[in-house]
Amino acid sequence: MSGQEEEVAEALWYVGPGRSEIREERLKPLADGKVRVRALYGAISRGTEALIAAGRVPAGEYQRMRGPFMAGTFPFPVKYGYSTVGAVEAGPDDLIGRNVFALHPHQTRFDIPAEVVVPIPPDIPLSRAVMAANMETALNATWDASPGPYGRIAVIGAGVVGALVAFICTRIDGAEVTLIDIDRSREALALTLGVRFATPDAAPTDCDYVFHTSASAEGLTTALNIAAEEASIIEMSWYGSGIVAVPLGGAFHSRRLRLISSQVGKVAPSHRATYSYRERLEAALALTAHPHLDALLAPAVSFRELPTVLPDILKPRSGVLCQLISYS
């Protein structure tokens, strides 16, 4: 086994509101049962990381919001992130040299248990495989909703997660899927993914399932307004410490609407008996094989540039979808 000498890696830390820095991380000799991964690509999860960068994680959620292999303590400083693709440099013989996906913060090299890395199938480009974490969130939401064939499905918010939900829903027989966003430029993305597009004022009504991902009161209000009687609204947005006002008066009760929260921290009840966390992640990774998903990737930025460019990437209306990180 190689990789037994102590090494120094580098990691991104959020250190204050709107501020991040790269710090050295000393790696001890590799322990049995672990792999050493050299990062090749990563991705910024804009919604979650924007809230973390702003220090908007509620105190009551500090423990639940800890990501896999996160270091530090909320609100600051924290080493955060959960989408890395890399090559195994040391560890069990059957993994050395394999390209793998790992739920790990942004870091050049790191050691993690061998059983948590997921080998990447050869037909999936490494740059696209970084979307496995977001795809896992989208997949779990569709499991939470369990839409049947030939239904009307709306997805409000054409960010990465919303676009991936819409993409998954296109695989449902006979489903009419519409991606809704205030940004008309997202229509090109919708067409690439094979779904319809509408702005909120032109959104279809009487939808059987409405997924909300825009993290805004206006978006959730639209979701309630376009839902059919006894329809399900799947709330995927996380608002951090924000408070959102929504119109639950009016026809909300008389139409017997269902407002369902979806969060990736647990496998959806509908699949919990048959899918482990790892199996769900493997399924999500397999879904990234479709080449049209490249439309979600922003041109890569260098890992070392992150402290400088992150404020622009994370600001509202930046236009960035999935921000790719290059470690080369």
Find the centroid of the Cα atoms in the range 264-328 and in the range 194-233, then give the distance between the two in whole Å.
-> 23 Å
Taking the Cα atoms only, what angle lies between the long axis of helix 160-169 and the longest principal axis of the chain, rounded to 10 degrees?
-> 60 degrees
Share of antiparallel DSSP beta bridges in the chain, in percent to the nearest 5?
-> 60 percent
Evaluate the relative contact order of the chain (contact order divided by residue number), counting alpha-carbon pairs under 8 angstrom at least 6 apart; express in whole percent.
-> 18 percent
Taking the range 138-210, which trypsin sites (Lys or Arg not before Pro) meet the DSSP loop condition and have no more than 14 other C-beta atoms within 10 Å?
-> Arg171
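Once you have the Kirkwood Rh of the range 141-261 from its Cα pairs, apply Stokes-Einstein at 20 °C and 1.002 mPa s and quote D in µm²/s. Kindly include the intermediate steps, with their values, before the conclusion.
Numbers: Rh = 14.1 Å.
Taking Rh from Cα pairs, D becomes 152 µm²/s.
Treat every Asp and Glu Cβ in the chain as -1 and every Lys and Arg Cβ as +1, leave all other atoms uncharged, and give the resulting dipole magnitude about the Cα centre to the nearest 20 debye. Walk me through the numbers before you get to the answer.
On the way: 30 positive and 35 negative charges, 104 e Å.
I would put it at about 500 debye.
Under the rule a/c < 1.5 gives rounded, and otherwise a/b versus b/c splits prolate from oblate, where does the range 1-156 land using the Cα gyration tensor?
Numbers: a/c = 2.28, a/b = 1.22, b/c = 1.87.
Here the range 1-156 falls in the oblate category.
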Per DSSP H run of n ≥ 4, the term is -39500 (n - 2.57); total these for the chain, divide by its residue number, and report the mean residue ellipticity at 222 nm rounded to 500 deg cm²/dmol.
-> -6500 deg cm²/dmol
Mind checking the dipole of the range 3-119: about its Cα centre, +1 per Lys or Arg Cβ, -1 per Asp or Glu Cβ, Debye to the nearest 20?
-> 520 debye
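No value in this document is a laboratory result; all are computed from the given coordinates. None of these values were measured; they are calculated from a predicted model. No Cβ is skipped: glycine too gets one built from the backbone with ideal geometry, and neighbour counts run over all protein chains shown.
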